[in-house]
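In what follows, a single structure is set out as structure tokens and then discussed.
The values are calculated or read from the model by the stated rules, or taken from the named source; none is laboratory data. None of these values were measured; they are calculated from a predicted model. Using ideal geometry, Cβ is built from the backbone for each residue, glycine included, and neighbour counts are taken over all protein chains shown. Remember, those area values only see protein heavy atoms, side chains included, never the ligands or the DNA or RNA. Shrake-Rupley method; radii C 1.70, N 1.55, O 1.52, S 1.80 Å.
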Amino acid sequence: MSRKIQNRNLFVRKKSKFPRFQSYLLGLTALICLLYASIFLLPVVPKNANITDVPLYKIKIKPQSSLASIAEQAQEQGLRSNPLFFQIGARAIFVGSKLKPGTYLLQTEASLGKILLQIARGDRVKESIAIIPGMTIWQLRDIVDSHPELTHQTKGMSSKELLQTLNLSHPGLEGLFMPDTYIFDPEDIDINIYQRASQAMQKTLNQEWGQKDLKLPLKSPYELLILASIVEKETGRSSDRGKIAAVLINRIQKGMPPQTDPTVIYGIGSRFDGNLRKADLRKDSPYNTYMNKGLPPTPIAMPSRESIIASAHPEKSNALYFVAKGDGSSHFSTTLNEHENAVDRYQRKSTSKANQIK
């Protein structure tokens, strides 16, 4: 064996390139850990709240904002976060495209990661307006006009102007808005409430009109709405809605005046003092269904979906009269004599008893 071979150590390893790679990997891992620690540990929300009564910090993100725009808005509203770092943080936790507009109440001294996750969830401040079945347009407009969290664009508008703004071609605003609870972001414009409610009502009307009983003496979805509004005001009991709709339809088909008190009261308007007198029933007006046959010219309230369905599908009945029994339900009669007896039983006697007590 040669001396060269003898002097060569066959077991000496060549220097590996892996230590350098491992160093890079450790450095990268440390950098990532530092990034996520900065995102989730460093507070970016100021220590002092910017709203009264609650120790929270309020910010608002505009609709259709890009990630860059949201980052700038956050900084402009007082968050201690560089817009570039805000964007890096959002992408690092995979919410860059999930941030939602709205008004947010943030915990003071919260980290960037915490608020980004809150905004991505859409955990924002919500307000609401409830349209109650049977509510009139005057009541609805008062509620909308007085809501402190709405931006008021329709306040002071006439009915005609609001109809034009909503692109509606009906005789008036009454009845056109679906009863429901409408959730909105603070500072939303009030026209959006009207728009959503009118679209919901139109959708329901069109759906029920397409499925209505074929023998109904109604000419349009608007007439269905008028009928449903009377049904809504005549009873608060679900089981009676279809029966009351049947009575009204039967009377219209026979050429009889509907003779409903709520229409007369609606015609009196704000002058109504809670006492419907015989003189009111004898005073001619488009809403006096004691003197006029057929339906009044407009709805008299906002009907519920249940009243619309009942009006589109009235119960099979020959009844022509009904009278309130005093417990929320009604007694239905097919003849005038039976009806008079029911009035004596449920109303005249109770009135007489009340007078005796007095």
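What net charge is computed for the residues neighbouring Asp180, neighbours being all others with C-beta under 10 Å from the C-beta of Asp180, Lys and Arg scored +1, Asp and Glu -1?
Combined, the nearby Lys, Arg, Asp and Glu give +2.
Taking H as built 1.01 Å from N, whose amide H comes closer than 5 Å to the amide H of Ser330, not counting residues under 5 places away?
Counting only residues 5 or more places away or on other chains, the set is Lys325.
Any idea what the relative contact order of the chain is, in percent, if you count C-alpha pairs under 8 Å spaced at least 6 apart?
Relative CO of the chain lands at 14 percent.
Once all Cα-Cα distances of the chain are split into 10 Å bins that start at 0, what whole-number percent is in each one?
Taking all Cα pairs of the chain, the binned fractions are 5, 17, 19, 15, 12, 10, 8, 5, 3, 2, 2, 1, 1, 0 percent.
Within the set of other residues whose C-beta is less than 11 Å from the C-beta of Gly134, count the net charge using Lys and Arg as +1 and Asp and Glu as -1.
With Lys, Arg at +1 and Asp, Glu at -1, the net is -1.
Within straight cross-link reach of Lys47, meaning Cα distance under 18 Å, which aspartates and glutamates are found once same-chain residues fewer than 8 apart are removed?
Glu76, Glu109
What FRET efficiency comes out for the pair Thr151/Ser238, r = Cβ-Cβ distance, R0 = 45 Å, nearest 0.05?
Between Thr151 and Ser238 the formula returns 0.75.
Tell me, in nm to one decimal, what length is gained between Arg80 and Leu42 on full extension, where the rule is 0.36 nm per residue of separation less the Cα-Cα distance?
My answer for the length gained is 12.7 nm.
Heavy atoms only, probe 1.4 angstrom, no DNA, RNA or ligands counted: give me Met256, Met201, Met291 ranked by accessible area, highest first.
Met291, Met256, Met201
Would you kindly compute the Cα radius of gyration of region 153-264 and its largest Cα-Cα separation (Dmax), both in Å?
That works out to 16.2, 52 Å for Rg and Dmax.
In percent, how large is the relative contact order of region 49-149, given Cα pairs closer than 8 Å and 6 or more residues apart?
Reported relative contact order: 25 percent.
Please label the shape of region 86-129 as rounded, prolate or oblate, based on the square roots a ≥ b ≥ c of the eigenvalues of the alpha-carbon gyration tensor (a/c under 1.5 means rounded; beyond that, a/b larger than b/c means prolate, else oblate).
It is oblate, given that a/c is not under 1.5 and a/b is not larger than b/c.
Viscosity 1.002 mPa s, temperature 20 °C: what is the translational diffusion coefficient of region 140-194 from Stokes-Einstein with a Kirkwood Rh over Cα pairs, rounded to a whole number of µm²/s?
181 µm²/s
Enter the accessible area of Lys155 (Å², nearest 10), with the probe set to 1.4 Å and all protein chains included.
Accessible area, nearest 10 Å²: 130 Å².
Once ligands and nucleic acids are excluded and a 1.4 Å probe is used, how much of Asp327 is accessible, expressed in Å² to the nearest 10?
90 Å²
Can you give the longest run of the chain that contains no chymotrypsin sites (Phe, Trp or Tyr not before Pro) sitting in a DSSP loop with at most 10 other Cβ atoms inside 10 Å?
95-358
Residue-wise, which Karplus ³J(HN,Hα) couplings in Hz belong to region 50-66, taking 6.51 cos²θ - 1.76 cosθ + 1.60, θ = phi - 60°, and x for glycine or proline?
10, 10, 8, 6, 10, x, 10, 10, 9, 9, 10, 10, 6, x, 6, 8, 6
Using only the alpha carbons of region 52-209, determine the length spanned along each of the three principal axes and report them from longest to shortest in whole angstroms.
For region 52-209, the Cα spread along each principal axis is 56, 36, 24 Å.
Can you count the Lys pairs in region 241-348 whose Cα atoms are under 20 Å apart, with each pair 8 or more apart or on different chains?
For region 241-348, the number of qualifying lysine pairs is 8.
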